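Q: Questions regarding the structure given below will be posed in turn.
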């Protein structure tokens, strides 16, 4: 050890002591400082009406206003001396969208004052009238709404922002310690990246709506890894998936019982062998199938994408044009049924009202294998109806169409993941793992959601229902309609798994999150390649 | 316009300003300084951004507006410990809340505090980052530009979708130790996608610049339209190894992951593409993850590839805040300077970025080497047309999208081609071909360079100048027939 390194290690030790001393911080110390108007506060109602009145006075035929107050936190942890909090943010915004002369205008800022919201109302209307010069067809809003007021809070047991950093670090480090203590032939460690968000959103419109909602996001990512020589392998705690939960997710998950199997898998994965590129029958776990459905059906069925409104940003959709697709396009076999909703408890797109004040209903997207509907909003609608899919990441962004929660309907037989694996004569099992916060996760697609690939966190070969060897660097390639047509068997109701998907959309870009459920599924004759090999 | 002399002058909170001025930043610090508890210092890093945009699709404006958004990061430094939190609001209650959150955080300390010790004075470079012309592009101007430029697409019964954004940003770093710097900055970007009604052809073009006047929006619109027409009804060509001409946008799409990987600490830990000599893996490696966040510099016992040739010897990659083509703010969020750097010179790796705690503890230097991913790549003199004429058989590629890393040590990337791929045979473009999935590393591709064109500005989040490049043996692994 060089002297420089000794000094450095010494510094680490002293800082670790500071860290330990800091654990005494009282939890909830910040809550007394919360001073923004909360849900239903008369001040917000007053500001909202001033904004809307200013927009109407300036000539808007319709206007809506959003206030968002967003707390965000991100924490990464490796060990007691190596961790950080790259994000500890509070963001307040107000945004006003107006319709004038048949075009949208938008204005937003951070300041919640009467003068400012009135200015934004006028400014947005000027923008709308100006933008109308660039339109021949006037925007018309579907689903005229009755006036409504209300409040809704996404149910969580423990608000993550009421939990001290000390407690969070303690829970995470205890888990890491448990991983490191497992008796394994090679060193095993853990790494955690955690994202929390709480958003209070108030919406009011010239239709008479005044609605306040509070949403939560919890996205934990815990990786267990090991290395030997130049080989390394890692797995994630798959039961930790992104959803609309609070801190109870960590305390109620009983993660310790997963550790022995995870460590066993990750050590065995060191001996993983390369894949022989070929077509294989594959069994995907429920989380992976959920992500496949989320992107290739959920995102692909966004009507604005289908119509080309997203062409210059994140792309279009293979489920186009509507007249050739709806009720006609057989995406998969009759057992493929997919519904959309914004009501699933704990799912990331769950709301009581969407960003236009519409109460979303459940609807079918794929029925008996056939595409039957698209996601819609009041301005991008079908048959004069919005499905309630409007959303905005914060009030600084204009509301846009986004994917609601997507649920693959389980099969009627009580088939489990293990049953599907047991039925595989020769094939591969693909377990997707948890997506790193901000990443697309194990399933990625092209700009039409048509072609994509699955990069499993855990992949193994099966012969006659038994695991024979772990596979390294495999990549499942798919073309969505062919993949779904090859759907051979799906899991039953008890095998349903919910996760969350984050997607970027729009210009300027916004991140939208939605919940998605899947069941374990077997797909036949899917091409699998070695992702480390070039052409 | 007074903005030229350093931004709007009035104090906050006021609302006819589009972004916070230098005086507003000073006033913010003065108020924040009074709100701290337990002595020590307050440092603020401010990014106050006004944007105006117009977005269109199917030849019609679909949305557009003006937004002001502040990002105010406050660091409390007390007895050598630092804690950071951020807010978007400038009122006393919000500042106080932010400071309390930062103070809660500082009690825990971490070994990698990049904020301490506080810098009390700093001399930064003075790049020219402001354009009055950009700041003057208002809603009316944006709508007018859109109307003029979708005309040709309408006339040819094609569908234009596009985006024009102008931004003005007040960037400030200020602390109670006496440091103050404020740089107003403008940005403009313009991009267009033209598709045919049958969705069998798609063309894209786009660029970013400081000064809106340097963006030739008419040429970009025409390029997208031309690519749409010429890319229509593509045929499938067998995947495999091809000589490819990567247009500048595609070069930047493939080079960007290399820019993201230029980290010294992981390299010296034996991780990633820039590690050399004996590799000593730590228990955890995070391919594709944030490379520094698992890094313990105490483990830095390996060697990096600094001093070794890593790319074709004609390639140099540099970044300089005062480069007139890619100017950028001369300080980082933590007030440390952005200095000119040659990452790669004549193909030889010269530098890898490192954070401040590494500079202090390992190099006995006060400053980190920051990398904000703005870069200039050297080029040659061969135009794309000349490259086509001298290609016996190959492909012309417009851009690469959904680029994703599959292997960290080799920087192997995958993704798809998009918005125009053409087959070249005997010096001529002979047909439009379907998109491919590629699997390629910038380390391989830019060691297989044949000829290069003149470097030009492209559309990336940070200022980027790269040439078109003809590359041998580019790996296209399968068809990805989306349009």
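Q: With respect to the numbered conditions (1) over 23 Å from residue A:518 (Cβ atoms); (2) free of Cβ contacts under 8 Å to residues at least 40 places away in the same chain, which one is the sole condition not fulfilled by residue A:380?
A: All conditions are met except number (2).
Q: Considering only residues of segment B:321-358 that are touching a strand residue (DSSP E or B) at 6+ places or on another chain (Cβ under 7 Å) and on the phi > 0 side of the Ramachandran plot, which is surrounded by the fewest Cβ atoms within 10 Å (Cβ to Cβ)?
A: The selected residue is B:347.
Q: Would you call residue B:39 away from every other protein chain (no Cβ under 14 Å), modelled with pLDDT under 95 and buried (at least 20 other Cβ atoms within 10 Å of the Cβ)? Step through it out loud before you land on a result.
A: On the way: away from every other protein chain (no Cβ under 14 Å): yes; modelled with pLDDT under 95: yes; buried (at least 20 other Cβ atoms within 10 Å of the Cβ): no.
Taking the combined requirement at face value, the residue does not satisfy it.
Per-residue answers, yes or no, for (1) surrounded by 21 or more Cβ atoms within 10 Å (Cβ to Cβ); (2) part of a strand (DSSP E or B); (3) more than 11 Å from chain A (Cβ to nearest Cβ):
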position	(1), (2), (3)
B:398	yes, yes, yes
B:405	no, yes, no
B:409	no, no, no
B:418	yes, yes, no
B:421	yes, yes, yes
B:429	no, yes, yes
B:438	yes, yes, no
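Q: Which is more than 30 Å from residue A:171 (Cα to Cα) and surrounded by fewer than 23 Cβ atoms within 10 Å (Cβ to Cβ), of A:107, A:114, A:81? Before the answer, list the steps.
A: On the way: A:107 fails: surrounded by fewer than 23 Cβ atoms within 10 Å (Cβ to Cβ); A:81 fails: more than 30 Å from residue A:171 (Cα to Cα).
On inspection, the qualifying residue turns out to be A:114.
Q: Let me ask something else. Quick test of your reading of the structure: residue A:250 fulfils all but one of (1) in contact with a strand residue (DSSP E or B) (Cβ under 8 Å, 6 or more places away or on another chain); (2) modelled with pLDDT of 95 or more; (3) farther than 24 Å from residue A:428 by Cβ. Name the failing condition by number.
A: (2)
Q: Taking residue B:167 and the conditions (1) assigned to a strand (DSSP E or B); (2) surrounded by 22 or more Cβ atoms within 10 Å (Cβ to Cβ), which numbered condition does it fall short on, given that it satisfies the others?
A: In the conditions (1) assigned to a strand (DSSP E or B); (2) surrounded by 22 or more Cβ atoms within 10 Å (Cβ to Cβ), residue B:167 misses (2) alone.
Q: Can you say whether residue A:183 is outside any strand (DSSP E or B) and buried (at least 18 other Cβ atoms within 10 Å of the Cβ), as far as the supplied structure shows? Steps first, please.
A: Working: outside any strand (DSSP E or B): yes; buried (at least 18 other Cβ atoms within 10 Å of the Cβ): no.
Judged against the criteria, residue A:183 is not a match.
Q: Still on this structure, please answer the following. Do you know which residues across segment A:268-285 are part of a strand (DSSP E or B) and buried (at least 22 other Cβ atoms within 10 Å of the Cβ)? Walk me through how you get there before you give the answer.
A: Restricting attention to segment A:268-285, the residues satisfying the condition of being part of a strand (DSSP E or B) are A:273-274, A:278-284.
Across segment A:268-285, the qualifying residues are A:280, A:282, A:283, A:284.
Q: Go through segment B:55-80 and give me each residue that's more than 7 Å from chain A (Cβ to nearest Cβ), at negative phi and in contact with a strand residue (DSSP E or B) (Cβ under 6 Å, 6 or more places away or on another chain). Give the derivation first.
A: Looking only at segment B:55-80, we keep the residues that are more than 7 Å from chain A (Cβ to nearest Cβ), and these are B:59, B:71-80.
Keeping just the survivors that are at negative phi gives B:71-78.
B:71, B:72, B:73, B:74, B:75, B:76, B:77, listed by residue number.
Q: Another question, if that's okay. Quick check on segment B:300-316. Is at least one of its residues within 14 Å of another protein chain (Cβ to nearest Cβ), over 30 Å from residue B:188 (Cα atoms), crowded, with 19+ Cβ neighbours inside 10 Å and touching a residue at least 40 places away in the same chain (Cβ under 8 Å)?
A: Yes, because at least one residue in segment B:300-316 is within 14 Å of another protein chain (Cβ to nearest Cβ), over 30 Å from residue B:188 (Cα atoms), crowded, with 19+ Cβ neighbours inside 10 Å and touching a residue at least 40 places away in the same chain (Cβ under 8 Å).
Q: Return the total of residues in segment A:206-227 being within 23 Å of residue A:63 (Cβ to Cβ) and in contact with a helix residue (DSSP H, G or I) (Cβ under 7 Å, 6 or more places away or on another chain).
A: 2
Q: Continuing with the same structure: For segment A:286-334, which residues satisfy the criterion of being buried (at least 24 other Cβ atoms within 10 Å of the Cβ), within 13 Å of chain B (Cβ to nearest Cβ) and farther than 20 Å from residue A:507 by Cβ?
A: A:296, A:318, A:319
Q: Going through segment A:84-104 one residue at a time, which ones are crowded, with 24+ Cβ neighbours inside 10 Å and either touching a residue at least 40 places away in the same chain (Cβ under 8 Å) or out of contact with any strand residue (DSSP E or B) (no Cβ under 7 Å at 6 or more places or on another chain) (or both)?
A: If the condition is that a residue be crowded, with 24+ Cβ neighbours inside 10 Å and either touching a residue at least 40 places away in the same chain (Cβ under 8 Å) or out of contact with any strand residue (DSSP E or B) (no Cβ under 7 Å at 6 or more places or on another chain) (or both), then A:93, A:94, A:95, A:96, A:97, A:98, A:99, A:100, A:104 are the ones that fit.
Q: If you don't mind, there's one more thing I want to ask. Here are some conditions: (1) touching a strand residue (DSSP E or B) at 6+ places or on another chain (Cβ under 7 Å); (2) at pLDDT below 95; (3) surrounded by fewer than 19 Cβ atoms within 10 Å (Cβ to Cβ). Residue A:190 meets all but one. Which one does it not meet?
A: Of (1) touching a strand residue (DSSP E or B) at 6+ places or on another chain (Cβ under 7 Å); (2) at pLDDT below 95; (3) surrounded by fewer than 19 Cβ atoms within 10 Å (Cβ to Cβ), only one is false for residue A:190: (3).
Q: Condition first: at positive phi and at pLDDT 95 or above. Can you find one or more residues in segment A:358-370 that meet it? Don't jump to the end; show me each part of the working.
A: Keep residues of segment A:358-370 that are at positive phi, which gives A:368-369.
Add one more test, that the residue is at pLDDT 95 or above, and what stays is A:368-369.
Checked segment A:358-370: at least one residue is at positive phi and at pLDDT 95 or above.
Q: At pLDDT 90 or above and in a loop (DSSP other than H, G, I, E, B), is that true of residue B:325?
A: Working: at pLDDT 90 or above: yes; in a loop (DSSP other than H, G, I, E, B): yes.
Considered against the rule, which asks whether it is at pLDDT 90 or above and in a loop (DSSP other than H, G, I, E, B), residue B:325 comes out as yes.
Q: Still on this model: If residue B:62 satisfies all but one of (1) buried (at least 24 other Cβ atoms within 10 Å of the Cβ); (2) over 30 Å from residue B:152 (Cβ atoms); (3) at pLDDT 90 or above, what's the number of the condition it fails?
A: The single condition residue B:62 does not satisfy is (2).
Q: Within segment B:118-143, can you find the residues that are in contact with a helix residue (DSSP H, G or I) (Cβ under 7 Å, 6 or more places away or on another chain) and more than 14 Å from chain A (Cβ to nearest Cβ)? Show your work before the answer.
A: Looking only at segment B:118-143, we keep the residues that are in contact with a helix residue (DSSP H, G or I) (Cβ under 7 Å, 6 or more places away or on another chain), and these are B:130-135, B:137, B:139-140, B:143.
If the condition is that a residue be in contact with a helix residue (DSSP H, G or I) (Cβ under 7 Å, 6 or more places away or on another chain) and more than 14 Å from chain A (Cβ to nearest Cβ), then B:130, B:131, B:132, B:133, B:134, B:135 are the ones that fit.
Q: Within segment A:458-517, track down each residue that is in a loop (DSSP other than H, G, I, E, B) and within 14 Å of chain B (Cβ to nearest Cβ).
A: Applying the first criterion (in a loop (DSSP other than H, G, I, E, B)) to segment A:458-517 yields A:464-465, A:473, A:486, A:491-492, A:496, A:506-509.
Once the filter is applied, which keeps residues that are in a loop (DSSP other than H, G, I, E, B) and within 14 Å of chain B (Cβ to nearest Cβ), segment A:458-517 yields A:473, A:506, A:507, A:508, A:509.
Q: Being over 26 Å from residue B:251 (Cα atoms), within 14 Å of another protein chain (Cβ to nearest Cβ) and at pLDDT 85 or above narrows it down to one residue among B:366, B:355, B:297; which is it? Break it down into steps so the answer makes sense when it comes.
A: Working: B:366 fails: within 14 Å of another protein chain (Cβ to nearest Cβ); B:297 fails: at pLDDT 85 or above.
That would be B:355, the only listed residue that is over 26 Å from residue B:251 (Cα atoms), within 14 Å of another protein chain (Cβ to nearest Cβ) and at pLDDT 85 or above.
Q: Tally time: how many residues in segment A:54-95 are in a loop (DSSP other than H, G, I, E, B) and within 7 Å of chain B (Cβ to nearest Cβ)? Before you say what the answer is, go through the steps one by one.
A: Here is the first cut: in segment A:54-95, the ones in a loop (DSSP other than H, G, I, E, B) are A:58-61, A:80-81.
With the extra rule that they be within 7 Å of chain B (Cβ to nearest Cβ), the set shrinks to A:81.
So the answer is 1.
Q: Still on this structure: Among (1) under 20 Å from residue A:521 (Cα atoms); (2) touching a helix residue (DSSP H, G or I) at 6+ places or on another chain (Cβ under 7 Å), there is one condition residue A:310 misses while meeting the rest; what is its number?
A: (1)
Let's see how each residue does on (1) away from chain B (no Cβ under 12 Å); (2) not in a loop (DSSP other than H, G, I, E, B):
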position: A:406; (1), (2): yes, yes
position: A:411; (1), (2): yes, no
position: A:421; (1), (2): yes, yes
position: A:453; (1), (2): no, yes
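Q: Follow-up. Would you say residue B:94 is within 9 Å of another protein chain (Cβ to nearest Cβ) and either surrounded by fewer than 21 Cβ atoms within 10 Å (Cβ to Cβ) or under 28 Å from the mean Cα position of the chain (by Cα) (or both)? Write out each step before concluding.
A: Values: within 9 Å of another protein chain (Cβ to nearest Cβ): yes; either surrounded by fewer than 21 Cβ atoms within 10 Å (Cβ to Cβ) or under 28 Å from the mean Cα position of the chain (by Cα) (or both): yes.
Taking the combined requirement at face value, the residue satisfies it.
Q: Scan segment A:148-159 and give yes if some residue there is surrounded by fewer than 19 Cβ atoms within 10 Å (Cβ to Cβ) and at the interface with another protein chain (Cβ under 7 Å from one of its Cβ atoms), otherwise no.
A: Let us first name the residues in segment A:148-159 that are surrounded by fewer than 19 Cβ atoms within 10 Å (Cβ to Cβ), namely A:148-153, A:155, A:157-159.
After this cut, where a residue has to be at the interface with another protein chain (Cβ under 7 Å from one of its Cβ atoms) as well, the list is none.
Taking every residue of segment A:148-159 in turn, none turns out to be surrounded by fewer than 19 Cβ atoms within 10 Å (Cβ to Cβ) and at the interface with another protein chain (Cβ under 7 Å from one of its Cβ atoms).
Q: Please go through segment A:253-267 and give me each residue that is free of Cβ contacts under 8 Å to residues at least 40 places away in the same chain, assigned to a helix (DSSP H, G or I) and under 19 Å from residue A:219 (Cα atoms), ordered by number.
A: A:258
The values are calculated or read from the model by the stated rules, or taken from the named source; none is laboratory data. Here the structure is a predicted model, which means the values were calculated and not measured. Please note: Cβ atoms are built from the backbone with ideal geometry, for glycine as well, and neighbour counts cover all protein chains shown.
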